[in-house]
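The values are calculated or read from the model by the stated rules, or taken from the named source; none is laboratory data. Note that the structure is predicted; figures quoted are calculated from it, not measured. Counting neighbours? That spans all protein chains shown, and the Cβs are built from the backbone with ideal geometry, glycine included.
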Amino acid sequence: MSDIVSDNSHDQHAVRRQKLADLRAAGVDPFRANANPTHFSADAIKAYVPGQENVVAVAVAGRLVTIRDMGKSQFVKILDQQGQIQLYVKKDVVGDDAYAAFKKLDLGDIIGASGTLFVTKTGEVTVRVDSYVLVSKALRPLPEKWHGLSDPEQVYRQRYLDVIVNAESRARLLLRPRVISHIRRFLEARHFIEVETPVLEATAGGAAARPFKTHHNALGADFYLRIATELRLKRMLVGGFDRVFEIGRIFRNEGVSRKHNPEFTMMEVYQAYSDYRGMMDLIRDLLTSLVRDVVRPADGSLKLKHAVSGHDIDFGAPWREVKYKDLIREATGDADWFARSKAEKIAGAERLGLGINTAWEEFEITNEIFSKKIEPNLIQPTFVTHLPKELCPLAKITRDDPTTIDVFELIIGGMEVAPAYSEQNDPDVQRQMFEAQAGEERQNIDQDFLLALEHGMPPAGGMGLGIDRLCILLTGAESIRDVILFPQLRNAAPA
RNA sequence: GGCUUCCUAGCUCAAUGGUAGAGCAGCUGACUCUUAAUCAGUAGGUUCGGGGUUCGAGUCCCCGGGGAGCCA
């Protein structure tokens with residue numbers, strides 16, 4: 001028998017430890033038992049045949065999350081991958097000994113139960129339990145049943161508790177794998193091949209970002225964690241893999257914010273014999289199908305709530321397409337903005353309330369206006385096209401405007417979600433573009449990539465899609481941390 | 001990196017510089033269709049850590065740790 005002194009009865013960990021010791025003393029080790037469920041919870045509920053009370057037999061397993069004890073019978077709920085299902089445990093069905101043991105179970109314990117389905121007087125499909133087994137004793141209590149877990153630090157550090165007690169977190173974090181699965185099926189249906197390229201790179205190229213650095217002992221060499229997959233995937237275009245994509249972890253040694261985690265997931269896709277306009281069709285079809293088939297807004301529309309602005313984002317309406325320069329001219333009210341001197345641009349930016357570093361290049365001053373004054377206000381899906389060529393060396397120069405490149409940046413909810421280019425495949429122009437880079441957008445030059453281009457790369461459209469930001473939009477989350485299972489935090493203080 | 005703000009029971013939250021409280025969870029008991037079940041009783045605190053001011057600090061000040069928001 002448990003011999004808990006009253007001083008310890010408040011200590012839930014000690015109480016549960018004692019219960020575990022009692023079980024072991026009685027010859028039961030709940031960590032060695034197992035269950036053989038036949039159904040997940042939602043499937044079991046679906047298996048109920050109306051009118052056939054206590055006919056359909058099921059076995060389910062999961063964590064006890066609700067206990068309503070009424071003396072000689074109990075209603076409890078267990079949680080599994082599909083959600084919750086109610087169990088009805090009656091003393092005169094399971095027997096006196098099993099019932100007495102059931103009363104000693106705690107919230108959080110993991111059990112298996114078999115029985116038959118029936119409907120309660122309030123209409124809830126429930127398992128009438130014939131037998132059950134405790135398969136894992138929980139030694140720590142669950143968070144509060146009604147308010148759940150709301151301390152953000154604990155939500156991130158102990159995500160497993162968050163998804164047990166916060167149904168919204170569960171739903172949000174379960175949407176992400178469905179999104180990724182949909183993307184794979186969407187692309188594979190269009191003959192794209194999924195490939196895997198190195199995370200450890202001698203040169204961190206394909207984007208402008210500070211990399212993480214590491215060291216390979218046996219090779220005696222430093223390596224960088226990749227900041228993009230672009231240059232590797234383009235090598236495969238050279239190799240004749242005409243439609244390739246990769247969904248992979250990218251690492252950037254930069255700030256942490258609501259929109260940035262140091263490691264994040266990017267999908268990059270390249271299609272030979274296409275261009276940035278082809279990528280527009282691809283991303284529009286992809287995102288529209290994600291909203292329609294994965295998110296499935298309840299009202300049947302293609303509108304999603306945007307958490308930050310409170311507006312609805314309508315994926316079903318025509319997507320706006322606008323040139324970068326036109327947005328700048330509109331924001332500055334200056335039709336001749338791009339003919340202005342650097343001093344005039346600084347003055348113009350400061351008139352808009354921006355702090356300008358005089359060491360910046362002119363395109364950086366202009367881009368500060370874009371990122372601070374324009375981008376945050378582009379809530380509806382918007383293709384911003386024809387960016388200044390200084391912003392990216394990897395795209396083709398626009399034929400009738402040598403100052404811009406054939407690209408778009410898809411902005412949704414005020415965030416850059418997907419950049420796409422007509423990929424530069426002229427090795428000489430590519431080398432010149434690399435060498436002409438300036439300012440903070442400078443990318444490292446990957447000489448081996450230039451060698452690959454000299455072998456001939458087919459014309460192609462390419463695109464990146466930030467999976468985390470996409471999931472923010474699709475789930476109506478406020479922060480990237482809400483769509484990443486374990487977002488990056490500092491080490492917790494030593495206990 | 002800077003500014004602002006937060007950290008109190010297992011969880012969610014209270015507490016003018018003046019005896020640290022509540023709900024849920026826990027513990028003891030009642031109840032064989034409950035839905036945040038209900039009812040009776042009961043226990044539970046290094047107020048993130050350290051230092052200071054004060055007759056007196058959860059509260060004010062300083063240092064450190066961690067989280068969040070804004071900014072570079």
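If the requirement is being assigned to a helix (DSSP H, G or I), among the basic types (Lys, Arg) and touching a residue at least 12 places away in the same chain (Cβ under 8 Å), which of these qualifies: A:Arg185, A:Arg176, A:Arg210?
Values: A:Arg185 fails: touching a residue at least 12 places away in the same chain (Cβ under 8 Å); A:Arg210 fails: assigned to a helix (DSSP H, G or I).
Answer to the selection: A:Arg176.
Go through the range A:313-333 and count every residue that is surrounded by 16 or more Cβ atoms within 10 Å (Cβ to Cβ) and farther than 20 Å from A:Phe408 by Cβ.
Result for the range A:313-333: 1.
If I filter the range A:59-70 for residues that are without any contact (Cβ under 8 Å) to a residue 60 or more places away in the chain, out of contact with any Gly (no Cβ under 6 Å at 6 or more places or on another chain), away from RNA strand B (no atom under 14 Å from the Cβ) and of a type outside the set (S, T, N, Q), do I get at least one hit?
Among the residues of the range A:59-70, at least one is without any contact (Cβ under 8 Å) to a residue 60 or more places away in the chain, out of contact with any Gly (no Cβ under 6 Å at 6 or more places or on another chain), away from RNA strand B (no atom under 14 Å from the Cβ) and of a type outside the set (S, T, N, Q), which makes the answer yes.
Which residue out of A:Arg296, A:Arg277 is out of contact with any Pro (no Cβ under 6 Å at 6 or more places or on another chain), in the same structural domain as A:Ala228 (by TED's automatic domain parsing) and farther than 23 Å from A:Met457 by Cα? I'd like the intermediate steps shown before the answer.
Numbers: A:Arg277 fails: farther than 23 Å from A:Met457 by Cα.
Sole residue among the options that is out of contact with any Pro (no Cβ under 6 Å at 6 or more places or on another chain), in the same structural domain as A:Ala228 (by TED's automatic domain parsing) and farther than 23 Å from A:Met457 by Cα: A:Arg296.
Condition first: surrounded by 13 or more Cβ atoms within 10 Å (Cβ to Cβ), more than 10 Å from RNA strand B (Cβ to nearest atom) and of a type outside the set (D, E, K, R). Now tell me which residues in the range A:134-162 satisfy that. Walk me through how you get there before you give the answer.
Of the range A:134-162, the ones surrounded by 13 or more Cβ atoms within 10 Å (Cβ to Cβ) are A:134-139, A:141-143, A:148-149, A:152, A:154-159, A:161-162.
Keeping just the survivors that are more than 10 Å from RNA strand B (Cβ to nearest atom) gives A:134-139, A:159.
Hits for the range A:134-162 are A:Leu134, A:Val135, A:Ser136, A:Ala138, A:Leu139.
May I ask you to list pairs of residues, at least six apart or on different chains, whose Cβ atoms are under 8 Å apart, with the first in the range A:340-357 being outside any helix (DSSP H, G or I) and the second being among the acidic types (Asp, Glu)?
Matching pairs, first to second residue: A:Arg340/A:Asp334; A:Leu354/A:Glu368; A:Ile356/A:Glu350; A:Ile356/A:Glu368.
Please indicate, with yes or no, whether at least one residue in the range A:330-346 is over 24 Å from A:Arg185 (Cα atoms), within 16 Å of RNA strand B (Cβ to nearest atom) and in contact with a helix residue (DSSP H, G or I) (Cβ under 9 Å, 6 or more places away or on another chain). It would help to see each step written out before you state the result.
Quick first cut of the range A:330-346, residues over 24 Å from A:Arg185 (Cα atoms) only: A:330-346.
From what's left, within 16 Å of RNA strand B (Cβ to nearest atom): A:346.
Right, trim to in contact with a helix residue (DSSP H, G or I) (Cβ under 9 Å, 6 or more places away or on another chain) and you get A:346.
Among the residues of the range A:330-346, at least one is over 24 Å from A:Arg185 (Cα atoms), within 16 Å of RNA strand B (Cβ to nearest atom) and in contact with a helix residue (DSSP H, G or I) (Cβ under 9 Å, 6 or more places away or on another chain), which makes the answer yes.
Which is β-branched (Val, Ile, Thr), without any contact (Cβ under 8 Å) to a residue 40 or more places away in the chain and either crowded, with 19+ Cβ neighbours inside 10 Å or within 13 Å of A:Thr66 (Cα to Cα) (or both), of A:Val89, A:Val94? If you could, list the steps in order and put the result at the bottom.
Values: A:Val89 fails: without any contact (Cβ under 8 Å) to a residue 40 or more places away in the chain.
Of A:Val89, A:Val94, the one residue that is β-branched (Val, Ile, Thr), without any contact (Cβ under 8 Å) to a residue 40 or more places away in the chain and either crowded, with 19+ Cβ neighbours inside 10 Å or within 13 Å of A:Thr66 (Cα to Cα) (or both) is A:Val94.
For A:His10, work out the one condition from (1) part of a helix (DSSP H, G or I); (2) within 14 Å of RNA strand B (Cβ to nearest atom) it doesn't fulfil.
Evaluating A:His10 over (1) part of a helix (DSSP H, G or I); (2) within 14 Å of RNA strand B (Cβ to nearest atom) leaves (1) as the failure.
Where in the range A:385-495 are there helices (runs of 4 or more DSSP H), lying fully within it, with 3 or more residues that are surrounded by fewer than 20 Cβ atoms within 10 Å (Cβ to Cβ)? Walk me through it before giving the result.
Details: elements: A:427-435, A:447-454, A:467-475.
Filter on the range A:385-495 gives A:427-435, A:447-454.
To keep it simple, each residue is scored yes or no on (1) in contact with a strand residue (DSSP E or B) (Cβ under 9 Å, 6 or more places away or on another chain); (2) of a type outside the set (A, V, I, L, M); (3) surrounded by fewer than 19 Cβ atoms within 10 Å (Cβ to Cβ).
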{"residue": "A:Ala47", "(1), (2), (3)": "yes, no, yes"}
{"residue": "A:Gln52", "(1), (2), (3)": "yes, yes, yes"}
{"residue": "A:Val58", "(1), (2), (3)": "yes, no, no"}
{"residue": "A:Arg68", "(1), (2), (3)": "yes, yes, yes"}
{"residue": "A:Gly71", "(1), (2), (3)": "no, yes, yes"}
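What number of residues in the range A:244-265 are away from RNA strand B (no atom under 16 Å from the Cβ) and surrounded by 14 or more Cβ atoms within 10 Å (Cβ to Cβ)? Don't jump to the end; show me each part of the working.
We begin by selecting, within the range A:244-265, every residue away from RNA strand B (no atom under 16 Å from the Cβ); these are A:244-251, A:265.
Cutting the leftovers down to surrounded by 14 or more Cβ atoms within 10 Å (Cβ to Cβ) gives us A:244-248, A:250-251, A:265.
Of the residues in the range A:244-265, 8 are away from RNA strand B (no atom under 16 Å from the Cβ) and surrounded by 14 or more Cβ atoms within 10 Å (Cβ to Cβ).
Return the residues of the range A:60-100 that are in a strand (DSSP E or B) and of a type in the set (Ser, Thr, Tyr); say none if nothing qualifies. I'd like the intermediate steps shown before the answer.
Filtering the range A:60-100 for residues in a strand (DSSP E or B) gives A:60-69, A:73-80, A:83-90.
Listed by number, the residues that qualify are A:Thr66, A:Ser73, A:Tyr88.
Identify the residue in the range A:116-133 that is more than 12 Å from RNA strand B (Cβ to nearest atom) and farther than 14 Å from A:Lys77 by Cα and, among all such residues, is surrounded by the fewest Cβ atoms within 10 Å (Cβ to Cβ). Walk me through how you get there before you give the answer.
Restricting attention to the range A:116-133, the residues satisfying the condition of being more than 12 Å from RNA strand B (Cβ to nearest atom) are A:130-133.
Now restrict to residues that are farther than 14 Å from A:Lys77 by Cα: A:130-131, A:133.
On the way: A:Asp130: 18, A:Ser131: 13, A:Val133: 17.
Looking at residues that are more than 12 Å from RNA strand B (Cβ to nearest atom) and farther than 14 Å from A:Lys77 by Cα, I get A:Ser131.
Can you report the number of residues in the range A:75-115 which are within 12 Å of RNA strand B (Cβ to nearest atom) and at positive phi?
The first filter runs over the range A:75-115 and keeps only residues within 12 Å of RNA strand B (Cβ to nearest atom), leaving A:75-77, A:84-96, A:99-100, A:103-109.
Next cut, at positive phi only: A:95, A:108.
Count: 2.
Of the residues A:Ile250, A:Ile283, which single one is touching a strand residue (DSSP E or B) at 6+ places or on another chain (Cβ under 6 Å), free of Cβ contacts under 8 Å to residues at least 60 places away in the same chain and within 24 Å of A:Ala477 (Cβ to Cβ)? Write out each step before concluding.
Details: A:Ile283 fails: free of Cβ contacts under 8 Å to residues at least 60 places away in the same chain.
That would be A:Ile250, the only listed residue that is touching a strand residue (DSSP E or B) at 6+ places or on another chain (Cβ under 6 Å), free of Cβ contacts under 8 Å to residues at least 60 places away in the same chain and within 24 Å of A:Ala477 (Cβ to Cβ).
Can we say A:Arg399 is under 19 Å from A:Glu321 (Cα atoms) and either free of Cβ contacts under 8 Å to residues at least 40 places away in the same chain or not assigned by TED's automatic domain parsing to the domain that holds A:Arg277 (or both)?
On the way: under 19 Å from A:Glu321 (Cα atoms): yes; either free of Cβ contacts under 8 Å to residues at least 40 places away in the same chain or not assigned by TED's automatic domain parsing to the domain that holds A:Arg277 (or both): yes.
Yes, satisfied.
Are any residues in the range A:158-189 in contact with a strand residue (DSSP E or B) (Cβ under 7 Å, 6 or more places away or on another chain) and either over 22 Å from A:Arg481 (Cα atoms) or modelled with pLDDT under 95 (or both), and if so, which ones?
Step one: of the range A:158-189, the residues in contact with a strand residue (DSSP E or B) (Cβ under 7 Å, 6 or more places away or on another chain) are A:164-166, A:180, A:183-184, A:187.
Answer for the range A:158-189, where residues must be in contact with a strand residue (DSSP E or B) (Cβ under 7 Å, 6 or more places away or on another chain) and either over 22 Å from A:Arg481 (Cα atoms) or modelled with pLDDT under 95 (or both): A:Arg184, A:Leu187.
Tell me, please, whether a residue that is within 13 Å of RNA strand B (Cβ to nearest atom) and part of a helix (DSSP H, G or I) can be found in the range A:20-32. Spell out how you get there, then give the answer.
Pass one, the range A:20-32, residues within 13 Å of RNA strand B (Cβ to nearest atom): A:20, A:22.
From what's left, part of a helix (DSSP H, G or I): A:20, A:22.
Taking every residue of the range A:20-32 in turn, at least one turns out to be within 13 Å of RNA strand B (Cβ to nearest atom) and part of a helix (DSSP H, G or I).
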